[in-house]
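Peer 1: Dropping the structure in here first, questions after.
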Amino acid sequence: MLRRLAAFAAWGVGGRAGSSPRPRFASMCIAAPSLAPKEREALARRCALHACSLSLTTAPRDPPLVLVSGLAAHQVAAIERAGAETVESPGLPPWNASGDVWRRRPPALAASKEPARLYTYHKLHAWDPRVVKGAPRVAFVDADAIYVRNASALLEIEPPSAFYLRDACRPPNIPWHRWDPGIEIDGEPVPKARAYWNTGVVVYEPDATVARDLWRLYATGDFASLDPDQYVCEGDLLQTYYWRRWRGSRPHVLNAAWNFRGYKCSYADVADASRVRVVHKEERRAITLIFDACEHVRAPPRGARPRFLEELVSALDVGACRSPAAAAALRRTCPDQAQGGGG
């Protein structure tokens with residue numbers, strides 16, 4: 001692992017030795033060992049679609065860095081053809097089953113030896129400057145998100161920034177006792193709205209000391225659980241770390257246009273769906289949100305797909321993710337009527 005990281009350090013952003021590092025987009029495509037072959041194919045295609053959407057809407061100066069693990073060579077190649085630069089993840093240390101957070105796991109997980117979403121912790125590598133090739137600022141966007149409009153301004157937002165799930169974000173089908181089940185950090189009761197933020201889109205500055213501290217928390221299990229429905233994924237660790245680092249103050253609040261999830265609070269933030277830049281939701285719900293963001297259709301016909309998604313899939317299938325003509329065609333399906341998404 002150290003040899004691989006040493007090789008990273010010799011390269012500047014964009015893979016050219018000695019080039020000046022610039023802010024950069026990043027993501028990850030991690031296939032958990034439990035995934036079946038068909039599930040790995042679906043995951044790789046989703047990651048390629050994510051990279052293609054960034055290439056066509058934004059055309060970043062440097063390709064996004066995508067951490068990969070558990071994928072076949074042809075799957076990695078497909079992500080690269082979509083416009084990404086892939087980096088093999090250095091891997092995960094063994095999970096500490098005797099760590100504090102795992103000892104406090106709910107009874108339903110008593111027989112489990114590790115979290116179901118252990119793979120999410122690969123994201124912590126993106127805080128290491130060596131892994132992100134010296135980028136002074138990173139906009140990390142999960143691969144299940146789709147860029148629908150130019151996202152260049154995301155790299156200019158003051159770090160660290162993330163979208164907070166305040167109480168107004170609670171879906172109507174989630175009762176209060178599940179929304180805020182009683183969070184404690186270092187023995188202190190903390191309202192969920194003060195500490196919980198979505199780690200699917202985060203703007204930050206990579207830092208070797210921070211990366212080391214994050215991995216120390218991973219090794220010791222010294223972090224809180226802020227989302228009982230997804231017990232201890234990487235978000236819990238990051239939220240605990242920044243809560244302590246900022247002594248209870250929050251990272252900067254990222255406007256929902258950069259992490260549009262379709263909550264009531266999301267619409268309150270953006271006011272107009274034409275300001276949405278990044279749609280971040282599971283595939284079925286994402287289709288509805290893309291319809292709204294690009295075609296102003298709140299209730300699309302069952303089984304329909306937005307024109308934006310049709311054009312994007314077509315570009316991916318014919319290898320046109322870096323084509324100016326394909327980019328122009330995609331932009332026509334989701335006009336950029338409002339510049340910027342807010343902070």
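The values are calculated or read from the model by the stated rules, or taken from the named source; none is laboratory data. Keep in mind that this is a model prediction, so the values were computed, not measured. Note: ideal-geometry Cβ built from the backbone for every residue, glycine included; neighbour counts use all protein chains shown. Ligands, DNA and RNA are excluded from the accessible area calculation, which covers all protein heavy atoms including side chains. Shrake-Rupley method; radii C 1.70, N 1.55, O 1.52, S 1.80 Å.
Peer 1: For region 183-294, which whole percent of the accessible surface, found with a 1.4 angstrom probe, sits on carbon and sulfur atoms?
Peer 2: Taking all protein chains in place, region 183-294 shows 45 percent carbon and sulfur surface.
Peer 1: A further question on this structure: So for the chain, what percent of the C-alpha to C-alpha distances run longer than 30 Å?
Peer 2: 35
Peer 1: Positive end of the dipole of the chain, charges at C-beta (+1 Lys, Arg; -1 Asp, Glu), about the Cα centre: which of TYR241, ALA116, LEU309 has its Cα farthest in that direction?
Peer 2: With unit charges placed on the Cβ atoms, the residue in question is LEU309.
Peer 1: Please give the charge dipole size of region 203-281, origin at the Cα centre, charges +1 on K and R Cβ atoms and -1 on D and E Cβ atoms. Round to the nearest 20 debye. Each step should come with its number before you reach the end.
Peer 2: Numbers: 11 positive and 10 negative charges, 43 e Å.
With only Lys, Arg, Asp and Glu charged at Cβ, the dipole is about 200 debye.
Peer 1: Let me ask something else. I want to make sure I understand the PRE zone here: with the label point 7 angstrom from the Cα of ARG117 toward its beta carbon, which residues in region 125-160 have backbone N atoms less than 15 Å away?
Peer 2: 141-145
Peer 1: If I model a spin label as a point 7 Å beyond the Cα along the Cα-Cβ vector, how far apart are those points for ASP167 and SER20 in nm?
Peer 2: 4.9
Peer 1: Go through region 161-175 residue by residue and turn each phi into a ³J(HN,Hα) via Karplus (6.51, -1.76, 1.60, θ = phi - 60°); whole Hz please, and just put x for glycine and proline.
Peer 2: Running phi through 6.51 cos²θ - 1.76 cosθ + 1.60 with θ = phi - 60° gives 9, 7, 8, 8, 9, 6, 4, 5, 8, 4, x, x, 8, 9, x Hz.
Peer 1: Name the long-range amide H neighbours of ILE185: under 5 Å, sequence gap of 5 or more, or other chain; modelled H, no Pro or chain starts.
Peer 2: Under 5 Å from the amide H of ILE185 lie the amide H atoms of VAL190, each far enough along the sequence or on another chain.
Peer 1: In the neighborhood of GLU283, defined by Cβ-to-Cβ distances under 10 Å, what is the net charge if each Lys or Arg adds +1 and each Asp or Glu adds -1?
Peer 2: Taking every Cβ under 10 Å from that of GLU283, the sum is +2.
Peer 1: Each residue of region 43-52 in order: what ³J(HN,Hα) in whole Hz does its phi give by Karplus 6.51 cos²θ - 1.76 cosθ + 1.60, θ = phi - 60°, with x for Gly and Pro?
Peer 2: 4, 4, 5, 4, 5, 5, 5, 4, 4, 5
Peer 1: Here's a follow-up. Give me the extension gain from ARG178 to ASN96: residue separation times 0.36 nm, minus the current Cα-Cα distance, reported in nm with one decimal.
Peer 2: Using 0.36 nm per residue and subtracting the Cα-Cα distance, I get 26.8 nm.
Peer 1: With every protein chain left in place, what is the accessible area per residue of region 140-290 in square angstrom, probe 1.4 Å?
Peer 2: 40
Peer 1: Using Cα pairs under 8 angstrom and six or more residues apart, how large is the relative contact order of the chain, in percent?
Peer 2: Relative contact order comes out at 21 percent.
Peer 1: Considering amide H positions built from the backbone, and no H for Pro or chain starts, which residues 5 or more places from MET28, or on another chain, come under 5 Å of its amide H?
Peer 2: Here the answer is LEU67, ALA143, since their amide H atoms fall under 5 Å of that of MET28.
Peer 1: If you don't mind, another one. Check cross-link reach from LYS38 to the lysines: straight Cα distance under 28 Å, and skip same-chain residues fewer than eight apart.
Peer 2: By straight Cα distance, LYS38 reaches LYS113, LYS123, LYS281.
Peer 1: Carbon and sulfur together cover what percent of the accessible area of region 70-125 at a 1.4 Å probe radius?
Peer 2: Carbon-and-sulfur percentage of accessible area, whole number: 57.
Peer 1: Among 327-336, 96-105, 285-294, how do they line up by average Cβ neighbours within 10 Å per residue, starting with the highest?
Peer 2: Output ranking for 327-336, 96-105, 285-294: 285-294, 327-336, 96-105.
Peer 1: Using θ = phi - 60° and the Karplus curve 6.51 cos²θ - 1.76 cosθ + 1.60, what whole-Hz ³J(HN,Hα) does each residue of region 145-151 get, with Gly and Pro shown as x?
Peer 2: Ordered by residue, 3J(HN,Hα) equals 9, 10, 7, 10, 9, 3, 10 Hz.
Peer 1: What does the charge add up to near ASP180, with Lys and Arg as +1, Asp and Glu as -1, over the other residues with Cβ less than 13 Å from its Cβ?
Peer 2: Around ASP180, the surrounding residues sum to +1.
Peer 1: Pull out the extension gain between ASP186 and SER323, defined as 0.36 nm times the separation in residues minus the alpha carbon to alpha carbon distance; nm, one decimal.
Peer 2: Between ASP186 and SER323, full extension yields 44.2 nm more.
Peer 1: Can you give the accessible area per residue of region 35-111, in Å², using a 1.4 Å probe?
Peer 2: Solvent-accessible surface per residue comes out at 46 Å².
Peer 1: Dipole size in debye (nearest 20) for the chain around its Cα centre, Lys and Arg Cβ +1, Asp and Glu Cβ -1?
Peer 2: Numbers: 46 positive and 36 negative charges, 53 e Å.
Computed charge dipole of the chain: roughly 260 debye.
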